[in-house]
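Student: The structure under discussion is supplied below as structure tokens; questions concerning it will follow.
No lab work stands behind these numbers, since they all come straight from the coordinates. All of these numbers come straight from a predicted model, not from anything done at the bench. No Cβ is skipped: glycine too gets one built from the backbone with ideal geometry, and neighbour counts run over all protein chains shown.
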Amino acid sequence: MEGTVTLRLITFTTTDAETHVGALAGDTAISLTRASEGDPRFASMLDLVRAGEQGLEEARELCDSHPAYAVHGLDDVTLRAPLPNPPRLRDCSLFIAHLQPAFRGMARSIAVDAADPEAEYERLVATGKFDTPEVFSREVIYYNADHTAVSGPGELIVAPAETRQLDYELEFAAVLGRTARDVAEADAADVVFGYTIFNDWSCRDLQSVVMESQLGPSRGKDFDGSNTLGPCIVTPDELGSPYDLEMTARVNGEVWSHGSTSTMHHSFEKAIAHFSRNRTVHAGDVLGTGTVMSGSPVEIGKRLKDGDEVELEVQGIGILRNRVQLPY
Amino acid sequence: MSLDLLSPPSSAQYLRWLLAAKDPTQALQLAADHVAVLLDCPVSWAGLVEGDYLVMGAHHGVASTEMAAAWRLKIGEGIGGRVALERRPQMSRDYRHDSRRVPLLKRLIDNEGIQATLIVPILVADSLLGVLYAAHRHPYPWTDAEVEVLEEIAHDLGVRLHQLDVDGRRGLLAAAAEQRAERATREQRACAELANGFAIHTDPVGSLDLLARELGGRVELRQGDGTLVRAAGDLRQGNARVIRRTELPDCGGLTVVVIDTRDPDEQRQAFVDLCIGLFRLQVLRVGERERTAERLNGELFDGLLSGRLGDPDEFRARISMMGIDLGAGSLVLVAGSRDHDPVGRAELDSLLRPVFPGAITLERAGRAVAVLPPTGRPAARVRAQLADALARSRRGWTIGLGRTCADLLDFSTSYDEARAACELAVRGQAAGSVVTAHELGILGMASLPAAHLRTTVRDVLGPLLDLDERRGTDFLPTLRAYLAHDRHLPDTAASLHVHYNTVRNRIARIEEVLGVDMRDVDHRFRLETALRMHALSAALTRA
């Protein structure tokens, strides 16, 4: 049986407001925090990630053999962001096919207010500011997302009062399991601790204003709860290849976005090699893939309404579900 | 003590007791106790199959509460797990040198001081029910005879457990059926109570609270465009999800959203649907009642069009419950006739209904007024459709069209603009059958109080108005024509049917009386604005 136990790791709270790191098993949640009787390596997901391969090995053993009181019904607990406090959260452009329609979509929403929207759109496109710069295919571009603004499954996403266009972004993410430097691309797969779903909530109107500064999306993507992770972290042995997974976004049950991780232009391995060159990457760092083609309403000319329920599904990981509260 | 001497009477007694056991727990306990006596060992316990695991069923002689509470072993793992998987006995003569053990149980069992175990499966035919343990707190060489005895106990236990399980399952099925029936009755009663609650509740908003109380979780009422009308109820612990989203037919796009932390089963779903159905009836009933009251005293729309809404959320909820959509994109129009025959509300209603279903018509300040719900069409298209409808009706009416409303507070502005445009148009001061404040250049003036308009007009044009009134001069029409013809003297003269020099003299006199210079763009702007205010003030005063 050795080595065949695979893990779908979660963070959850019980009715007594205690937070546990655990694993999904059917319709139950096994608390590794309780099963290990307070072993500090199982105090939080970040502790487990930092405990390395040996920590994972023990987590597998605890999943096999644990006290009866470490088992909770899934209905009796609240799943939280599996890794609520990553030391760093980078959102990368590993998918690049979506960039052009996303940039054009933003041009279109800016042009809407002009007297002649079509002419204004043509003018904006002609400036070249809404094309995808070539550097995106040459190297792995990323920005630092707000790692203090992480939300989890089922949480209400409250858009900032000043926005009039909140979007979801259908992404998934790798969690790094090791602190390392100068990782070769061929060895980079060993650095991945697991994979989770990532919703990079974005205020398009605020984003297009601040992006003119050429200093990133800043407050267009930074607000409380703007980065949703979950519902679980799946270890690589459980997931298999991360490069052939279906990705789907549904709004109120209707499919809005559909894509595949096979369309990624850059791999996680390439990103890890690139980011660790002469620099340190840390255990617990999260690398978002960026949005899959058609993975955001701005690309497909749709808009979320107040109270909409957004579900992101990535094959083999699960469904990340949130509702939005919009000020418009 | 010899096994042969003890076992026959004890076994017979064990069987009698087993037969008397009322449930599996009792039977397991009897077996564990019997193992201790028969094999003369201090500790015994039975693990029962639960999914992929063995869980503690009963125990004898266990010293720590932790062992009883925490013992749980995956089938296939450790020694007991292998017994379950392979369905044959296994023993450990000395635990200290056994590599098969799993970490958690190793600790539990070491704490118990157990050093030797004998474990057999509890089987009935081909199915595995659990495993039975005998244990010593010192190394112990188990004999074949002991293995046989333990297997026999396990066998008898298995047969009784199977029997109890068959009986139990029958009992469970009956209990489940009874539970379902009880639940159905409870839910029917809840529906009846909800219906009664609705019957005595005419407050449209309170009805949602009643619905939320019956359903549990959070219930939201939203307009077609997603705008929240009202929410009621709180969420329990867990991950929130929408379990039902139902648009209420014939209720102006109103949608009920039920949010809970647990997925409903089929029966629960049916109950939720029934409650939502009752709520829809309530919306229709209360809506009809409110509409009747509105027809009688027009209080709600009076508030809307005069900008005195009170609590906007409360207002929105009432309007929504009437099945009226006042979402972003609504606008107000006022209809009048150039031949001064008043336009009736009913006539306007029949003109609009085919083109703008859902339009609300009412009478206000002697004019027929309509509120158009959001059409999703551009303003220019709405206007063209109105002009079309007017042309087809051959009625010669004029419609003043207000601005498109983004929220409730815009309706009074939209109404003021529509009314001002209509009043100016029926006095022949605008061409076309559909006019807006924007094209009449009175945008922003339409909502000013009459006294404010009059004062501003007097401040700018006062001396001129006095002259015209006292001496019967035509300075005001001259000024209006002069500015309308962009200070072109020949065109102004032609439009007034007077001589070129007359116009020049009058303009010089106007400049002198008002202290203005027509070459100064600021002065011209002030005069132009005052002229429009004058026209507006006159039209609204006479209206």
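Student: Counting other Cβ atoms within 10 Å, keep those with at most 10, restrict to DSSP loop, and tell me which trypsin sites (Lys or Arg not before Pro) in segment B:281-383 are left. Intermediate results must be reported in sequence, preceding the final value.
Tutor: Details: sites: B:R285, B:R289, B:R291, B:R295, B:R308, B:R316, B:R318, B:R338, B:R345, B:R364, B:R367, B:R381, B:R383; in loops: B:R308, B:R338.
Sites meeting the loop and neighbour criteria: B:R308.
Student: Mind checking the log10 I(q)/I(0) for segment B:315-364 at q = 0.27 Å⁻¹? Debye, one equal scatterer per Cα, no solvent, two decimals.
Tutor: So the normalised log intensities work out to -1.15.
Student: Here is a follow-up. Among bridges DSSP assigns within chain A, what percent are antiparallel (round to 5)? Don't skip to the end; give the middle numbers.
Tutor: Values: 56 of 64 bridges.
So the antiparallel bridges amount to about 90 percent of the total.
Student: So, one more: Let me check I have the definition right: for segment A:254-328, take the eigenvalues of the Cα gyration tensor, multiply each by 5, take square roots. What are those semi-axes in whole Å, largest first? Can you show the working numbers first?
Tutor: Details: eigenvalues 176, 47, 33 Å².
Working from the Cα gyration tensor, I get semi-axes of 30, 15, 13 Å.
Student: While we're here: One quarter of the convex hull surface, Cα atoms only: what value does that give for segment B:276-325 in nm²? Working shown, then result.
Tutor: Working: hull surface 14.2 nm².
Mean projected area of the Cα convex hull: 3.6 nm².
Student: Ok, one more. Give me the orientation-averaged projected area of the Cα convex hull of segment B:3-169, in nm², one decimal. All intermediate terms of the calculation are to be shown ahead of the outcome.
Tutor: Working: hull surface 36.0 nm².
Averaged projected area of segment B:3-169's Cα convex hull equals 9.0 nm².
Student: Right, another one. So what J values fall out for segment B:20-36 if you push phi through Karplus, 6.51 cos²θ - 1.76 cosθ + 1.60 with θ = phi - 60°, rounded to Hz, Gly and Pro as x?
Tutor: 7, 4, 8, 9, x, 4, 4, 4, 5, 5, 4, 5, 4, 4, 5, 4, 4
Student: What number, in percent, do you get for the relative contact order of chain B if the mean sequence gap of Cα pairs under 8 Å and at least 6 apart is divided by its residue count?
Tutor: On the way: 852 pairs, mean separation 40.4, N = 543.
About 7 percent, as a whole number.
Student: If you take each beta carbon of peptide A:58-66 and count the beta carbons of other chains within 10 angstrom, what is the mean?
Tutor: Numbers: counts 1, 0, 0, 4, 3, 1, 11, 15, 8.
Taking all residues of A:58-66 together, the mean is 5.
Student: Distance between the C-alpha centers of segment A:192-225 and segment B:134-206? Whole Å please.
Tutor: After rounding, the separation between the Cα centres reads 50 Å.
Student: Quick one: dipole size for segment B:372-518, taken about the Cα centre, charges +1 on Lys/Arg Cβ and -1 on Asp/Glu Cβ, in debye to the nearest 20.
Tutor: Working: 18 positive and 17 negative charges, 119 e Å.
The calculation lands at about 580 debye.
Student: Using 0.36 nm per residue of separation minus the Cα-Cα distance, give me the extension gain between B:R137 and B:A451 in nm, one decimal. The partial results should precede the final answer.
Tutor: Numbers: separation 314, 0.36 × 314 = 113.04 nm, distance 10.35 nm.
So the chain would gain 102.7 nm between B:R137 and B:A451.
Student: Same structure, new question: About its Cα centre, how strong a charge dipole does the protein assembly as shown have in debye, to the nearest 20, once Lys and Arg get +1 and Asp and Glu get -1 at the Cβ?
Tutor: Details: 95 positive and 124 negative charges, 693 e Å.
It works out to roughly 3320 debye.
Student: So how far apart, in nm, are the two label points at A:T15 and A:I300 if each is 7 Å from Cα heading toward Cβ?
Tutor: My value for the distance between the label points is 4.0 nm.
Student: I've got another one for you. Against the globular-protein guess of 2.2 N^0.38 Å, express the Cα radius of gyration of segment B:450-542 as a ratio, rounded to two decimals.
Tutor: Working: Rg = 12.9 Å, N = 93, 2.2 N^0.38 = 12.3 Å.
That works out to 1.05 for segment B:450-542.
Student: For the protein assembly as shown, which semi-axes, largest first and in whole Å, follow from the square roots of 5 times the eigenvalues of its Cα gyration tensor?
Tutor: Working: eigenvalues 1253, 249, 65 Å².
Three semi-axes, in Å: 79, 35, 18.
Student: Here is a follow-up. Taking the convex hull of the alpha carbon atoms in segment A:11-98, what volume per residue do you get, in Å³?
Tutor: Roughly 138 Å³ of hull volume per residue.
Student: Hey, another quick one. From Cα pairs below 8 angstrom and at least 6 apart in sequence, can you work out the relative contact order of segment A:39-181, rounded to a whole percent? Before the final figure, lay out each step's value.
Tutor: Values: 94 pairs, mean separation 44.5, N = 143.
Reported as a whole number, the value is 31 percent.
Student: Take every Cα pair under 8 Å in chain A that's 6+ residues apart, average their separations, divide by the length, and report that relative contact order as a whole percent.
Tutor: Working: 759 pairs, mean separation 76.9, N = 328.
RCO, chain A: 23 percent.
Student: Taking +1 at the Cβ of each Lys and Arg and -1 at the Cβ of each Asp and Glu, which of B:Q429, B:V369, B:T413 sits farthest along the dipole of segment B:368-476 towards its positive end, judged by Cα position relative to the Cα centre?
Tutor: Farthest towards the positive pole: B:V369.
Student: Mind checking segment A:15-93 for GluC sites (Glu not before Pro) that DSSP puts in a loop (not H, G, I, E or B) and that have at most 12 other Cβ atoms within 10 Å?
Tutor: Details: sites: A:E18, A:E37, A:E53, A:E57, A:E58, A:E61; in loops: A:E18, A:E37.
Answer by residue number: A:E18.
Student: Given axes a ≥ b ≥ c from the Cα gyration tensor, I'd like to know whether segment B:495-538 is rounded (a/c under 1.5), prolate (a/b larger than b/c) or oblate.
Tutor: Working: a/c = 2.23, a/b = 1.29, b/c = 1.72.
Cα axes put segment B:495-538 in the oblate bin.
Student: What size of dipole, in debye to the nearest 20, comes out for segment B:30-90 about its Cα centre when the only charges are +1 on Lys and Arg C-beta atoms and -1 on Asp and Glu C-beta atoms?
Tutor: Numbers: 5 positive and 7 negative charges, 37 e Å.
Approximately 180 debye in magnitude.
Student: Of all alpha-carbon pairs in chain A, indicate the percentage at a distance above 33 angstrom. Could you put the intermediate results ahead of the total?
Tutor: Working: 13855 of 53628 pairs.
Distances greater than 33 Å cover 26 percent of the Cα pairs.
Student: Still on this model: Starting from the Cα gyration tensor of segment B:201-294, multiply each eigenvalue by 5, take the square root, and state the resulting semi-axes largest first in whole Å.
Tutor: Numbers: eigenvalues 111, 34, 31 Å².
One finds semi-axes of 24, 13, 12 Å for segment B:201-294.
Student: I've got another one for you. In terms of the ratio Rg/(2.2 N^0.38 Å) built on C-alpha atoms, what value belongs to segment B:74-228?
Tutor: Values: Rg = 28.6 Å, N = 155, 2.2 N^0.38 = 15.0 Å.
It is 1.91.
Student: Counting only helical runs of four or more DSSP H residues, what would the 222 nm mean residue ellipticity of chain B come to if each run contributes -39,500 (n - 2.57) and the total is spread over all its residues? Intermediate values should be presented prior to the final figure.
Tutor: Working: 18 runs with 295 residues, N = 543.
Result for chain B, helices only: -18000 deg cm²/dmol.
Student: Related question: Report the dimensions of segment B:353-432 along its three principal axes from the alpha-carbon atoms, largest first, rounded to Å.
Tutor: Ordered largest first, segment B:353-432 gives principal extents of 32, 25, 22 Å.
Student: Sticking with this structure for a sec: Select from segment A:255-319 those GluC sites (Glu not before Pro) which occupy a DSSP coil region and have at most 16 other Cβ atoms within 10 Å, ordered by residue number. Mind showing how you got there, number by number?
Tutor: On the way: sites: A:E269, A:E299, A:E309, A:E311, A:E313; in loops: none.
Qualifying residues, ordered by number: none.
Student: Of B:V37, B:W397, B:A174, which is farthest along the charge dipole of the protein assembly as shown in the positive direction, counting Lys and Arg as +1 and Asp and Glu as -1 at C-beta?
Tutor: The Cα lying farthest towards the positive end belongs to B:W397.
Student: Sticking with this one: Normalized C-alpha radius of gyration of chain B, against 2.2 N^0.38 Å?
Tutor: Values: Rg = 44.8 Å, N = 543, 2.2 N^0.38 = 24.1 Å.
Cα-based Rg divided by the globular estimate yields 1.86.
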